[in-house]
Amino acid sequence: MTGTTRPPDHPRTAALLLLADSRLPAGGHVHSGGLEAAVRAGLVTDLASLAGFLRGRLTTVGRVSAAFAAAAVRLAGDPDTGAAAWAELDAELDARTPALPQRQASRAQGRSLLRIASAVHGPHTLSALREGCGEAPHQAIAFGALAAQESVPPQAAAAAMALASVTGPASAAVRLLALDPVRVHALLARLAPEADAIAAAAASPCPPAALPDASAPLLDILAEHHTAQEGRLFAS
């Protein structure tokens, strides 16, 4: 991400890699995506149960996040998009995030992404998004909008968002369960083709109301329980 001028149809792979990097200062490292609560509840105890947890996140949260990131890329790429369109997209994702702690975590990371957008492209970038969603849009929407500034195609942004739905919890599992990081990474590698398939389907254009709405009630319950737990290592 450099903020330099480039052809609008020229995707910048390095910029996407920077956006998807776990070291991006967007706060992702402090979120476990429900994994910490699942570990405390005895639902995830080893590599096999972690695999089930991650696949569940990928096919629900990952699918929804991927679709909204792709939709945000398209909105940001349309010069006629106004604040109302961004507000509608944000409201649709809000409706698909029933647990308050999950909404708060998503918006906290979205706020950080907008700070990055301002630092790279200037304080007035994505002005319509800011007008429609405020300074704390949902993470997937902010990610897609920022990806569009880097000429990242919708499907590529969707793939990055889908994969991010499992890489964070996987990293948390290494810390919480002292799992072998190499075996955990191998697990992520096996999930990568599924993330690509989800991204390909999620990138299909459709109205905001028709975007995927896959739910994960157990993750919602875990998110609520997590806020009441003492001695938490992760914010979510």
GNM flexibility winner over the chain from 145, 209, 99 (Cα, springs under 10 Å): 209
How large is ³J(HN,Hα), in whole Hz, for each residue of the range 43-48 in order, when computed from phi with the Karplus curve 6.51 cos²θ - 1.76 cosθ + 1.60 and θ = phi - 60°, using x for Gly and Pro? 7, 10, 10, 7, 5, 5
For 198, 116, ascending order of other Cβ atoms within 10 Å (fewest first) is 116, 198
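What is the range 13-225's relative contact order, in percent, from Cα pairs under 8 angstrom and six or more apart in sequence? Each step should come with its number before you reach the end.
Details: 321 pairs, mean separation 79.5, N = 213.
Relative contact order comes out at 37 percent.
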So what is the calculated 222 nm ellipticity per residue for the chain, using -39500 (n - 2.57) for each DSSP H run with n of 4 or more, over all residues, to the nearest 500 deg cm²/dmol? -20500 deg cm²/dmol
Expected unfolding gain across residue 78-residue 175 under the 0.36 nm per residue rule, minus the alpha-carbon gap, is 30.7 nm
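Net charge near residue 169: determine it from the other residues with C-beta under 12 Å of the C-beta of residue 169, scoring Lys and Arg +1 and Asp and Glu -1.
On the way: positive: 55, 57, 175; negative: 36.
Within the 12 Å Cβ shell, the charges total +2.
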Can you check how the C-alpha radius of gyration of the chain compares to 2.2 N^0.38 Å, as a plain ratio? 0.96
State the extension gain, in nm to one decimal, for the chain segment bounded by residue 201 and residue 14, taking 0.36 nm per residue of separation less the distance between their alpha-carbons. 64.9 nm
Expressed in nm to one decimal, what extension gain is obtained for the pair residue 49 and residue 230 from 0.36 nm per residue of sequence separation less their Cα-Cα distance? 62.8 nm
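Computed from the coordinates by the stated procedures, all read-outs in this text should not be read as laboratory data. Nothing here was measured: the structure is a model prediction, and the numbers come from that model. Cβ: placed from backbone, ideal geometry, glycine included. Neighbour counts: every protein chain shown.
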